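Q: Let me begin by handing over the structure; questions about it come next.
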Amino acid sequence: MTDQMVLLNGPGDITQFRLQDQPPQSPAAGEIKVRHQAIGTNFLDVYHRKGLYALPSYPAVIGVEAAGVVEEVGPDVTAFSPGDRVAYAGPPVGAYASTRIMPAERVIALPDAVSVKVAAGSLLKGMTAYMLMKKVTHVADGSTVLIHAAAGGLGSILVRLAKSLDATVIGTVSSPQKAALATSYGADHLIVGRGADIVAEVKRLTGGNGVDVACDGIGGDMLLKSIRAVRPFGTAVTIGQAAGPIPPVAVEELRPGKSLSHPSIMAWCADTGRYREAAEAAIAAMERGIVCEISAEYGLAEVAKAHEVMETGRSAGSLLLLP
């Protein structure tokens, strides 16, 4: 069977994708060749496709996480052998393909308890959750955390990780069906419906105080609501803009003493030490059941459909591409 890759002709809509045969490739020194068995998708892929985060050149292969088996190792690589189960996430982009040459230092061995599908769907999200709750903020016993899209891919892992840290979780979801899912992940309280008064509900649930941490991947006008739902000296974290660009926020909104953070998991992962720390923490969390549910699987030829579903927000969980 011929190996294939998904090329993005240029920034734009799903019509910019095309499937193409992948030329043979072999690893050089310090590299390994990974045969992908599952490729994770993230809203970051949509940002790359649309050009919100520009790529160096086109055509390009996007995608930032995958899992599979080592097919070949470079002449000086001793940490891996052909047949080893592995995963990776983060920069550089290029995962939408049957195989990939990767620096060995960017690849993480998978324990037997973690399947390649779970790893492909949960690694980057698990790393992001670790960064947000252990590095950007410090969520612990007694913390109250607001998590938007609590039934989604990243949201579900954030809920599970926050509960493992003994925090109280207030989640927002768009429907009763998603509320049921978020409850099953451990959310203590749910605010349901796109038109809900989130600030008023958070204040009601917290006795007027607000939350210690708000994790906002929605964007649009939601960030201002998230800031207003945070207690004095708490932190609002903006990690995406699925609903559209974020309008300017007046600095006065941070009074009295609130913090606003805009971290990037891709920037975090640029440092190899930080990357491996977050990846190993995410895999350890997967072994404890802190994972993202897989909501659908698509072939590489169905990449446009996967992106279409991801953008609609209909899916609750992670969408996988299977070479």
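The values are calculated or read from the model by the stated rules, or taken from the named source; none is laboratory data. These numbers were taken from a predicted model, which means no experiment stands behind them. Here the Cβ positions follow ideal geometry from the backbone for every residue, glycine too, while neighbour counts run over all protein chains shown.
Q: Condition test on residue 272, is it assigned by TED's automatic domain parsing to the domain that holds residue 92, out of contact with any strand residue (DSSP E or B) (no Cβ under 6 Å at 6 or more places or on another chain) and among the polar types (S, T, N, Q)?
A: Criteria not met by residue 272.
Q: Give just the number: which of (1) hydroxyl-bearing (Ser, Thr, Tyr); (2) surrounded by fewer than 18 Cβ atoms within 10 Å (Cβ to Cβ); (3) more than 19 Å from residue 125 (Cβ to Cβ) does residue 164 not satisfy?
A: Here residue 164 meets the rest and fails (3).
Q: Which one is surrounded by the most Cβ atoms within 10 Å (Cβ to Cβ), of the residues in the stretch 83-106 that are out of contact with any Asp or Glu (no Cβ under 9 Å at 6 or more places or on another chain) and modelled with pLDDT of 95 or more?
A: If we take residues in the stretch 83-106 being out of contact with any Asp or Glu (no Cβ under 9 Å at 6 or more places or on another chain) and modelled with pLDDT of 95 or more, then 100 is surrounded by the most Cβ atoms within 10 Å (Cβ to Cβ).
Q: When you scan the stretch 134-149, do you find a residue that is free of Cβ contacts under 8 Å to residues at least 40 places away in the same chain and buried (at least 24 other Cβ atoms within 10 Å of the Cβ), even just one?
A: no
Q: If you don't mind, another one. If a residue has to be closer than 24 Å to residue 194 by Cα and of a type in the set (Lys, Arg) to count, how many in the stretch 224-258 make the cut?
A: 3
Q: What single numbered condition from (1) in contact (Cβ under 8 Å) with a residue 12 or more places away in the chain; (2) outside the structural domain of residue 153 (by TED's automatic domain parsing); (3) aliphatic (A, V, I, L, M); (4) out of contact with any strand residue (DSSP E or B) (no Cβ under 6 Å at 6 or more places or on another chain) fails to hold for residue 249?
A: Going through (1) in contact (Cβ under 8 Å) with a residue 12 or more places away in the chain; (2) outside the structural domain of residue 153 (by TED's automatic domain parsing); (3) aliphatic (A, V, I, L, M); (4) out of contact with any strand residue (DSSP E or B) (no Cβ under 6 Å at 6 or more places or on another chain) one by one, residue 249 breaks only (2).
Q: Given the conditions (1) modelled with pLDDT of 95 or more; (2) over 16 Å from the mean Cα position of the chain (by Cα), and given that residue 283 satisfies all but one, which numbered condition is not satisfied?
A: Evaluating residue 283 over (1) modelled with pLDDT of 95 or more; (2) over 16 Å from the mean Cα position of the chain (by Cα) leaves (2) as the failure.
Q: Still on this structure, I have one more. What tally of residues in the stretch 201-257 results from selecting those that are more than 15 Å from residue 144 (Cα to Cα) and assigned to a strand (DSSP E or B)?
A: 1
Q: Another question, then. Whether any residue in the stretch 23-36 is of a type in the set (Ser, Thr, Tyr) and more than 18 Å from residue 104 (Cα to Cα) is what I want to check.
A: no
Q: Out of 174, 184, which single residue is of a type in the set (S, T, N, Q), more than 20 Å from residue 235 (Cα to Cα) and at pLDDT below 95?
A: Going through 174, 184 in turn, the sole match is 174.
Q: Then there is this: When the residues of the stretch 150-167 are filtered to those that are touching a residue at least 40 places away in the same chain (Cβ under 8 Å) and out of contact with any strand residue (DSSP E or B) (no Cβ under 7 Å at 6 or more places or on another chain), which remaining residue is farthest from residue 282 (Cα to Cα)?
A: 152
Q: Among the numbered criteria (1) free of Cβ contacts under 8 Å to residues at least 24 places away in the same chain; (2) under 20 Å from the mean Cα position of the chain (by Cα); (3) farther than 30 Å from residue 97 by Cα, which single criterion is violated by residue 314?
A: In the conditions (1) free of Cβ contacts under 8 Å to residues at least 24 places away in the same chain; (2) under 20 Å from the mean Cα position of the chain (by Cα); (3) farther than 30 Å from residue 97 by Cα, residue 314 misses (3) alone.
Q: When the stretch 1-15 is examined, which residues are found to be within 16 Å of residue 51 (Cβ to Cβ) and in a loop (DSSP other than H, G, I, E, B)?
A: Within the stretch 1-15, 9, 10, 11, 12, 13 qualify.
Q: Hey, could you check the stretch 173-200 for residues that are part of a loop (DSSP other than H, G, I, E, B) and in contact (Cβ under 8 Å) with a residue 12 or more places away in the chain and say which is surrounded by the most Cβ atoms within 10 Å (Cβ to Cβ)?
A: My answer is 187.
Q: Note down all Cβ pairs under 7 Å where the first residue falls in the stretch 68-97 and is touching a residue at least 40 places away in the same chain (Cβ under 8 Å) and under 18 Å from residue 126 (Cβ atoms), the second is of a type in the set (Lys, Arg) and not in a strand (DSSP E or B), and they're at least six residues apart or on different chains.
A: If the second residue must be of a type in the set (Lys, Arg) and not in a strand (DSSP E or B), the pairs left are 88/106.
Q: Residues in the stretch 38-64 that are surrounded by 20 or more Cβ atoms within 10 Å (Cβ to Cβ) and under 23 Å from residue 104 (Cβ atoms): how many?
A: 6
Q: Restricting attention to the stretch 216-227, does a residue exist that is modelled with pLDDT under 95, in the same structural domain as residue 157 (by TED's automatic domain parsing) and of a type in the set (Val, Ile, Thr)?
A: Within the stretch 216-227, one or more residues are modelled with pLDDT under 95, in the same structural domain as residue 157 (by TED's automatic domain parsing) and of a type in the set (Val, Ile, Thr).
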